[in-house]
Amino acid sequence: MRISGPVQQPDTECADEPLATVEAREGRSTEVGGLPVARVLPTKGRRTVGAWCFVDLMGPMDAQDPDPLEVGPHPHIGLSTVTWLLEGEALHTDSLGTEQPIRPGQLNLMTAGHGISHAELAAEPPFRGVQLWLAQPEATRHGASRFEHHAHLPRATLDHGEAVVFAGGLAGAVAPTTTDTEVVAGDLRLRRGTTLLPVDPRFELAVVPMEGRVKVGEAIVEPGWIGLVPPGVEELPVEVERDGVRALLLGGVPLGERIQMWWNFVARDREEMTIAYREWAQRTDRFGSVPTPLERIEAPVPPWLAGQA
Ligand code: MN
């Protein structure tokens, strides 16, 4: 499965600009190993929403050309990967020895800390899902790696719909997910009308449509776009024109740390990423090994090292 969406050059040029009100931003169409992807975070003027630092909407894969969906072993540092499927099934393996299938409605959460490696294989086409990253804060990002799977997640009842809550709490439903910072994540299924989402006013928020468009405050947010909401909101109005609209709600306390991302690494400076790049190339113990027949993915040369001997 092509869910390791490596960070590309345009993604590294996003800075955080303060928001006065809700703003809709267009995502970027890209491709991760052949699978069409809408990358809505990072986006122009926005690097993080809470600790969320990467949001890819993956698929659907081409039914006419169903290549085997697979991503071989590759490393991560300084982040948690959150995998949320809409269709299909996938198998996660990692250097902790984890082997975990995942289906829609379930959550895989892998936290890298100082270093981990993993591989992903999609068992069943069609495949569609969301790949999210949470940046780890300074307090935990040098620590141990871990993995958790949640087969059952709580549902929140909303004014005009419901939400499966897969991180943090929403409308009385609290997810069992372990996160290093205070965050929220919910898969909203909305009926026609306006839902007032009860949210934490300390949180930055984002609404990411997956099926149908939504109006967040006064901003229309189309699929492939992201609606960004500044802190200070206690009830977020989300209006939809028809039944069956589906969107993600993401949010969290502002990270307050300036991150840098390159390839599969979240760090604070180039030196950290250079060291991780070299350790992956040299196959040191840092990233362990993954029990999978899939081929290992080598890192590209970091652009800041290109041309050096
Ligand atoms: Mn990955």
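The values are calculated or read from the model by the stated rules, or taken from the named source; none is laboratory data. What you see is a predicted model; the values in this text were computed from it and never measured. So basically every Cβ, Gly included, is an ideal-geometry build from the backbone, and we count neighbours across all protein chains shown. Remember, those area values only see protein heavy atoms, side chains included, never the ligands or the DNA or RNA. Shrake-Rupley method; radii C 1.70, N 1.55, O 1.52, S 1.80 Å.
Scanning segment 261-272 for residues that are in contact (Cβ under 8 Å) with a residue 60 or more places away in the chain and either open to solvent by 70 Å² or more (accessible area, probe 1.4 Å) or of a type in the set (A, V, I, L, M, F, W, C) (or both) yields 261, 262, 263, 265, 266, 267. Can you name the residue in segment 118-129 that is crowded, with 23+ Cβ neighbours inside 10 Å and of a type in the set (A, V, I, L, M) and, of all such residues, is farthest from residue 277 (Cα to Cα)? Filtering segment 118-129 for residues that are crowded, with 23+ Cβ neighbours inside 10 Å and of a type in the set (A, V, I, L, M), the one farthest from residue 277 (Cα to Cα) comes out as 122. The sole residue among 63, 24 that is away from the ligand (no atom under 16 Å from the Cβ), at pLDDT 95 or above and either over 15 Å from the mean Cα position of the chain (by Cα) or hydroxyl-bearing (Ser, Thr, Tyr) (or both) is 24. Within segment 169-191, restricting attention to residues that are under 13 Å from residue 134 (Cα atoms) and not β-branched (Val, Ile, Thr), which residue is surrounded by the fewest Cβ atoms within 10 Å (Cβ to Cβ)? Result: 182. Cβ-Cβ distances below 6 Å connect no pair with a first residue in segment 138-150 that is without any contact (Cβ under 8 Å) to a residue 40 or more places away in the chain, a second residue that is assigned to a strand (DSSP E or B) and of a type in the set (Lys, Arg), and a separation of six or more residues or different chains. Quick check: is even one residue across segment 134-152 surrounded by 16 or more Cβ atoms within 10 Å (Cβ to Cβ) and more than 28 Å from residue 284 (Cα to Cα)? Yes, segment 134-152 has at least one match. Condition first: within 14 Å of the ligand (Cβ to nearest atom) and open to solvent by 10 Å² or more (accessible area, probe 1.4 Å). Now tell me which residues in segment 101-117 satisfy that. Passing the criteria: only 115. Looking across 204, 235, one residue alone is of a type in the set (Asp, Glu) and open to solvent by less than 50 Å² (accessible area, probe 1.4 Å). It is 204. When 217, 288 are checked against the criterion of being within 16 Å of the ligand (Cβ to nearest atom), touching a residue at least 40 places away in the same chain (Cβ under 8 Å) and either open to solvent by 60 Å² or more (accessible area, probe 1.4 Å) or of a type outside the set (A, V, I, L, M, F, W, C) (or both), a single residue qualifies: 288.
Which of the residues spanning segment 118-165 are within 14 Å of the ligand (Cβ to nearest atom) and assigned to a loop (DSSP other than H, G, I, E, B)? Listed by number, the list holds a single entry, 145.
Residue pairs whose Cβ atoms lie under 8 Å apart, separated by 6 or more positions or on different chains, with the first residue in segment 174-202 and at positive phi and the second surrounded by 21 or more Cβ atoms within 10 Å (Cβ to Cβ), are 193/240.
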